[in-house]
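Bear in mind that the values in this text are calculations on the coordinates, not laboratory data. This is a predicted model, so every value here is computed, not measured. Glycine gets a Cβ as well: all are built from the backbone with ideal geometry, and neighbour counts include every protein chain shown.
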Amino acid sequence: MEHPQLELGVAREDITPTNAGYLAGDVLNGEHAISAIHKPLYAQSLFLTDGSTRFLLTTIDVCKVSEAMENEVISSLSCQLDLTPAQIMIAASHTHSAPQTIDLDAVPGTFDQEFVALAINGMITSAISAVKSTELVTLRYETGRSHVGVNKRLLTPWGVMMSANLSGSYDPEVGVLIAERKPYTPAAILCCYASHPVGHLRSEISSDLSGYFRDEIENTFTDCMAFHVLGCAGDVAPRARWANTDYEIGNPHSGAGRRLLPEIQSKNFMSNIGKELASIATSCVHRASSPLASISLHTIKRNIPLPLQQPVSEDVLSSVLSLPFSYRHSGWAKRMLKKYENREEFEQHQSYSIQIWFINSNFLIVGLEGEVFSDIGMRIKQSLLPTKSLVIGHANSYKGYIPTKTAIQEGGYEPESFYNCDLPAPYRPEIENILVDTIIDEVRKQLYGLETN
């Protein structure tokens, strides 16, 4: 039986900074510049076309992609490759051991615009190279299971603590998209799993577990490029952090009470998890199953407004300035107080993009911005059945945590960290249903021509 073939192109650019940088993630006022390299950082591109429609996925080893970065990449590739914004998807690995890419996140005076330019150029250059050199492949989608992740929101009488919740939700599915030259001979492997990177490597630049996954796959399969993306992992972290360790995140806003893992232990966890995901992906490649049939690529990208609660009051903002929080809090509070002083209107919504790539009637890829909670990702996948879906979090630009209705009502770090996106207030509880319902409606309209509310 003849299976439909697509043209595939892949390319990679090294974006590891040559000069010292200040690392992203869990940043407190006392951070210092880093120049040592543990695992290099890359921008990688995967290009697919059926001759009429084209898809370009670019993955990048940074903690966050800013809206400005996304816009510059899309603008450049639209001009140079005649691609529409809906045909371009960016996915951040969310490594916490890469330099900052958003000015407001950085300790004042430490933001490295040169690294941002290097990252943007890496994405553009890898995309152009991927489009220029293609080969014929078939596609297969397989799934495995891993219990690497664990829910990290523990509800206690004192509120929600950032600790292992062994009875909490997490998504064990490992999605593996395989582009093959011939059976069992992959040209590219894309692996999606919903867990935060290991993180907390503060003395060396590192691509975290994504780097180990790449190395393991590419040492196993000749001339194959490996891509690792996050699923919906906003409330999921590696289980190993809390397994027989004294790890304690402490107060995630101020860093009080924090006990990080020894860095050698973090590196071991990165290695073990990256290799476990690679082993699962390898077993998927060796399965005797048929490629996806009746390929018909098409894509949509929609912006929707996610509603915010009432703005934080002036009294609360003033009190923030008196508390021992980080520069992020004080900077945010000053900017919000300035808005009050100038009688500016506060945002009532956050603009949020949803991207859907249809491969055929039985399989699609969803790209969601920000750190989406695992229950949302699982709801989407379950609701779309029998159509299978690979749901990518941290897609396109960073929009903070995207919590469930329950999490917003419970509170805790994730729904309360809206200041990281310079928002005046947390999201409203209904964002979960808005997000899920919009995706379901769009898929039904595209696949079945159903108009739904």
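At-a-glance table
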| quantity | calculated |
| --- | --- |
| Segment S279-Q310, length gained on full extension (0.36 nm per residue, minus Cα span) | 6.4 nm |
| Residues C63, C284 arranged by fewest to most Cβ contacts within 10 Å | C284, C63 |
| For segment 1-120: rounded, prolate or oblate by the Cα gyration tensor [a/c cutoff 1.5] | prolate |
| Packing-based exposure ordering (other Cβ within 10 Å, fewest first) of R214, R202 | R202, R214 |
| Longest exposed-site-free window of the chain, the sites being GluC sites (Glu not before Pro) in a DSSP loop that have at most 13 other C-beta atoms within 10 Å | 3-343 |
| Using a Förster distance of 41 Å, the FRET efficiency for A36-I440 (Cβ separation, nearest 0.05) | 0.30 |
| Value of [θ]222 nm, deg cm²/dmol, for the chain, DSSP H segments ≥ 4, -39500 (n - 2.57) each, nearest 500 | -9500 deg cm²/dmol |
| Answer label, with percent of Cα pairs over 35 Å apart calculated from the coordinates and candidates (i) 42; (ii) 26; (iii) 46 | (ii) |
| Longest site-free stretch - the chain; sites: chymotrypsin sites (Phe, Trp or Tyr not before Pro), DSSP loop, at most 14 other Cβ within 10 Å | 185-345 |
| DSSP bridge pairs, the chain: antiparallel proportion in percent, nearest 5 | 75 |
| Average silhouette area of segment 297-390, convex hull of alpha-carbon atoms, in square nanometres | 8.3 |
| Sites S129 and S296, calculated FRET efficiency, Cβ-Cβ separation with R0 25 Å, nearest 0.05 | 0.40 |
| Charge tally in the Cβ shell below 9 Å around L48, where Lys, Arg are +1 and Asp, Glu are -1, L48 excluded | -1 |
| Ranked by how many other beta carbons lie within 10 Å on average, peptides 286-292, 79-85 from highest | 79-85, 286-292 |
| 29 Å Cα-Cα threshold exceeded, pairs from K132/K399; K39/K399; K267/K381; K182/K445; K182/K267 | K132/K399; K267/K381; K182/K445; K182/K267 |
| Global geometry of segment 120-181, whether rounded, prolate or oblate, following the gyration tensor of its Cα atoms and the 1.5 cut on a/c | oblate |
| Whether segment 320-453 is rounded, prolate or oblate, judged on the alpha carbon gyration tensor where a/c under 1.5 counts as rounded | prolate |
| Order of V62, V160, V73 under a 10 Å beta carbon neighbour criterion, fewest first | V160, V73, V62 |
| Pairwise label distance in nanometres, E7 with N342, each label 7 Å out on the Cα-Cβ vector | 4.9 |
